[in-house]
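S.K.: Below you'll find the structure I mean.
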Amino acid sequence: MDHILSFISGGLTQSSWWEILAFTLVMTHITIVSVTVFLHRSQAHRGLDLHPAVMHFFRFWLWMTTGMVTKEWVAIHRKHHAKCERDGDPHSPMLFGIWKVLFRGAELYREESNNKETMAKFGHGTPDDWLERNVYSRHSLYGILAMLAIDVLLFGAMGVTVWAVQMAWIPFWAAGVVNGIGHFWGYRNYNSPDTSTNVFPWGIVIGGEELHNNHHAHGTSAKFSSKWYEFDIGWFYISILRFFRLAKVKKVAPKLKLEDGQKPMIDLSTLQGVITHRYEVMARYADIVKSTARQEMAKLKSTPQSEDVTMLRRVRSWLHRNEDVLQPEQVAQVDQAIARSEKLSTLVQMRRELGRLWESSSASSEQLLGDLQAWCQRAQQSGIEGLEQFAVRLRRYAA
C-alpha cells in the first residue's frame, strides 16, 4: 500500500516541485520550437528544408505533445495569409473579436480543419508517407494519450497537471496569443496590408513568433528578426541545425539597402528597391502621417470646430492603414475627417498613389518608373516638410 501511495504522490521519479516545473518548461519549449521551425517556417512557408531525421523528430514530438496533424496546421495557416483579415480568414481578431481568438482559438482551428476545401487547396506538399497516413493523421489521439501515460508514470498524480499544461500550451500561445494579440497590440516595423504586430522584440517564449509583423511582411523568410535589438530564438536553433548540416535555409528577408548620398535621378534600381522594401517604405510614410495628424489636432483644438478634433481623433489610427483592411464606412470617415486639412488630405491621397506602384500587375517597368519619378517630384513640391524629406530618402533606395 505504501508503494502505491508513494507512486501516486510522486511517480517513478519522486521529483520536487521545481524539477517538475523545469521538466514542463523544457517539454513545452521543445513543442514551441517544433511548431515554429517545422510546421511554420519549413512546412507552411518553405523557408528552409530540414534533414529527414530532424523532420521526423518534430513530427513525432508534435504527435505526442499536441495531436496536431501537419497538413491541417499548414493548410489553415496558409489560408490565414491568403485571406488575412478578410472574409475566409480562419482566425482573425478583426473578424471574430480579440477575446474569441485569444481564448477560443483552438476551437476556430478545429472548425477550419474540417473544411475539406481548405485542406485540398492549401495543404499540398506536406508529408504523406506510411507513418503520416496510418499513425500521425489517422490516430492523432494515441500520441497525446501516450504522453499522458508517460507523465503519470514519471510524476504520479501531478503528471496529469503536467500533461494538461502541455496540451494547453500551443492552443494558448500559438492559436491565442500569436493569432490574437499579434494582430491587435504591439509595434510595427513594416506597414504590411494587415494589422499584424510584433508583440515583443525578444522572441523567446513563443520561439520567435512574437515578431509577427516581421513575418507577415516577409512571409517566406526563415528568420523573423529584422532590427538589431530583436532576437529570434527560432532562428538561433535553425543556425545550430545549419552548422551541423541538418537544415538548409532557402530564403531570408532582403536587407534594406540605401545608396550613399542623393542620386541625381531615380532609376530602375531605385524602383526595384522601393518595391522590394515597400512595407518598410510605407512604415516610414506612416510615421509622417502620424506626426502630421498630431500637429493638425493641436491646431484644431485652438479653433471653435471641436467636432473636427473629435472626428480626427476617431480615425487617427486608420489614416496610415491600407484601404484593404478598412471597412468602407471607415474609409468614408477618414475622407470626411481629413477634408478640412489640406496637409492630411495630400498625405493620404499620395499614400494611396504610392501604394499603386506595387499593386499594378499590368504596367511596364518604364511606366512604373515614370510614375515614381512624378510622385517624388510632387512630394518635393508639396510644401509638407516631412513629405519632402521622405521623397529625398526614397531616391536612395536600391535593389
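The values are calculated or read from the model by the stated rules, or taken from the named source; none is laboratory data. Quick caveat: nothing in here was measured; it's all calculated off a predicted structure. Don't worry about glycine lacking a Cβ; one is built from the backbone with ideal geometry, like all the others, and counts go over all protein chains shown. For accessibility, only protein heavy atoms count, side chains too; no ligands or nucleic acids. Shrake-Rupley method; radii C 1.70, N 1.55, O 1.52, S 1.80 Å.
S.K.: For segment 52-141, please list each of the helices (runs of 4 or more DSSP H) lying entirely inside it that holds at least 1 residues being open to solvent by 60 Å² or more (accessible area, probe 1.4 Å) and small (Gly, Ala, Ser). Write out each step before concluding.
M.R.: Values: elements: 52-65, 70-82, 93-96, 98-113, 116-122.
Answer list for segment 52-141: 52-65, 116-122.
S.K.: With the requirement that a residue be among the small types (Gly, Ala, Ser) and more than 31 Å from the chain's Cα centre (by Cα), what does segment 365-388 give you?
M.R.: Within segment 365-388, GLY370, ALA374, ALA379, SER382, GLY383 meet the criteria.
S.K.: Looking only at segment 2-35, count every residue that is crowded, with 18+ Cβ neighbours inside 10 Å, assigned to a helix (DSSP H, G or I) and either among the small types (Gly, Ala, Ser) or within 26 Å of the chain's Cα centre (by Cα) (or both) and tell me the total.
M.R.: Residues flagged as crowded, with 18+ Cβ neighbours inside 10 Å, assigned to a helix (DSSP H, G or I) and either among the small types (Gly, Ala, Ser) or within 26 Å of the chain's Cα centre (by Cα) (or both) within segment 2-35 amount to 8.
S.K.: So, in segment 224-246, of the ones that are farther than 18 Å from MET55 by Cα and open to solvent by 80 Å² or more (accessible area, probe 1.4 Å), which residue ends up nearest to the chain's Cα centre (by Cα)? So that I can check it myself, show each step before the final result.
M.R.: Our first condition is that a residue be farther than 18 Å from MET55 by Cα; within segment 224-246, this holds for 224-233.
Adding the requirement that they be open to solvent by 80 Å² or more (accessible area, probe 1.4 Å) leaves 228-229, 231.
Values: TRP228: 18, TYR229: 18, PHE231: 15 Å.
Residue satisfying both the conditions and the ranking: PHE231.
S.K.: Answer yes or no as to whether LEU211 is modelled with pLDDT of 95 or more and exposed (fewer than 15 other Cβ atoms within 10 Å of the Cβ). Full working, then the answer.
M.R.: Working: modelled with pLDDT of 95 or more: yes; exposed (fewer than 15 other Cβ atoms within 10 Å of the Cβ): no.
For LEU211, the condition - modelled with pLDDT of 95 or more and exposed (fewer than 15 other Cβ atoms within 10 Å of the Cβ) - is not met.
S.K.: Looking for whichever is more than 29 Å from TRP130 (Cβ to Cβ), free of Cβ contacts under 8 Å to residues at least 60 places away in the same chain and small (Gly, Ala, Ser) here; the options are GLY105, GLY97. Which one fits? Give the steps one after another, and end with the answer.
M.R.: On the way: GLY105 fails: free of Cβ contacts under 8 Å to residues at least 60 places away in the same chain.
That would be GLY97, the only listed residue that is more than 29 Å from TRP130 (Cβ to Cβ), free of Cβ contacts under 8 Å to residues at least 60 places away in the same chain and small (Gly, Ala, Ser).
S.K.: Please name all residue pairs, on different chains or six or more residues apart, with Cβ atoms under 6 Å, provided the first residue is in segment 388-399 and is farther than 10 Å from VAL281 by Cα and in contact (Cβ under 8 Å) with a residue 12 or more places away in the chain and the second residue is open to solvent by 10 Å² or more (accessible area, probe 1.4 Å) and part of a loop (DSSP other than H, G, I, E, B).
M.R.: Every condition considered, the pairs that remain are ARG395/GLN262; ARG395/LYS263; ARG396/GLU259; ALA398/LYS257; ALA398/GLU259.
S.K.: When you scan segment 294-308, do you find a residue that is surrounded by 20 or more Cβ atoms within 10 Å (Cβ to Cβ), within 23 Å of PHE390 (Cα to Cα), within 29 Å of the chain's Cα centre (by Cα) and touching a residue at least 24 places away in the same chain (Cβ under 8 Å), even just one?
M.R.: Within segment 294-308, not a single residue is surrounded by 20 or more Cβ atoms within 10 Å (Cβ to Cβ), within 23 Å of PHE390 (Cα to Cα), within 29 Å of the chain's Cα centre (by Cα) and touching a residue at least 24 places away in the same chain (Cβ under 8 Å).
S.K.: Answer with yes or no whether TRP163 is under 28 Å from GLU19 (Cβ atoms), surrounded by fewer than 18 Cβ atoms within 10 Å (Cβ to Cβ), without any contact (Cβ under 8 Å) to a residue 60 or more places away in the chain and not charged (D, E, K, R). Break it down into steps so the answer makes sense when it comes.
M.R.: Numbers: under 28 Å from GLU19 (Cβ atoms): yes; surrounded by fewer than 18 Cβ atoms within 10 Å (Cβ to Cβ): no; without any contact (Cβ under 8 Å) to a residue 60 or more places away in the chain: yes; not charged (D, E, K, R): yes.
The answer is no for TRP163.
S.K.: Testing TRP358 on (1) exposed (fewer than 13 other Cβ atoms within 10 Å of the Cβ); (2) more than 18 Å from VAL289 (Cα to Cα); (3) in contact (Cβ under 8 Å) with a residue 12 or more places away in the chain, one condition comes back false. Which one is that?
M.R.: Only one criterion is unmet by TRP358, namely (1).
S.K.: Being among the hydroxyl-bearing types (Ser, Thr, Tyr), over 13 Å from MET265 (Cα atoms) and open to solvent by 60 Å² or more (accessible area, probe 1.4 Å) narrows it down to one of SER345, SER341, SER382, SER365, so name that one.
M.R.: Working: SER345 fails: open to solvent by 60 Å² or more (accessible area, probe 1.4 Å); SER341 fails: open to solvent by 60 Å² or more (accessible area, probe 1.4 Å); SER382 fails: open to solvent by 60 Å² or more (accessible area, probe 1.4 Å).
None of the other options fit; the residue is SER365.
S.K.: Could you check, for segment 161-177, whether at least one of its residues is touching a Phe, Trp or Tyr at 6+ places or on another chain (Cβ under 8 Å) and either among the hydroxyl-bearing types (Ser, Thr, Tyr) or not in a helix (DSSP H, G or I) (or both)?
M.R.: Taking every residue of segment 161-177 in turn, none turns out to be touching a Phe, Trp or Tyr at 6+ places or on another chain (Cβ under 8 Å) and either among the hydroxyl-bearing types (Ser, Thr, Tyr) or not in a helix (DSSP H, G or I) (or both).
S.K.: Just checking, does segment 131-153 include any residue being more than 25 Å from THR70 (Cα to Cα) and out of contact with any helix residue (DSSP H, G or I) (no Cβ under 6 Å at 6 or more places or on another chain)?
M.R.: Within segment 131-153, one or more residues are more than 25 Å from THR70 (Cα to Cα) and out of contact with any helix residue (DSSP H, G or I) (no Cβ under 6 Å at 6 or more places or on another chain).
S.K.: Just to check your reading of the model, which residue among LYS255, LYS263 is of a type in the set (Lys, Arg) and open to solvent by less than 60 Å² (accessible area, probe 1.4 Å)? Full working, then the answer.
M.R.: Values: LYS255 fails: open to solvent by less than 60 Å² (accessible area, probe 1.4 Å).
On inspection, the qualifying residue turns out to be LYS263.
S.K.: Yes or no: ARG188 touching a residue at least 60 places away in the same chain (Cβ under 8 Å), open to solvent by 20 Å² or more (accessible area, probe 1.4 Å) and basic (Lys, Arg)? So that I can check it myself, show each step before the final result.
M.R.: Values: touching a residue at least 60 places away in the same chain (Cβ under 8 Å): yes; open to solvent by 20 Å² or more (accessible area, probe 1.4 Å): yes; basic (Lys, Arg): yes.
Here the answer is yes, as ARG188 does meet what is asked.
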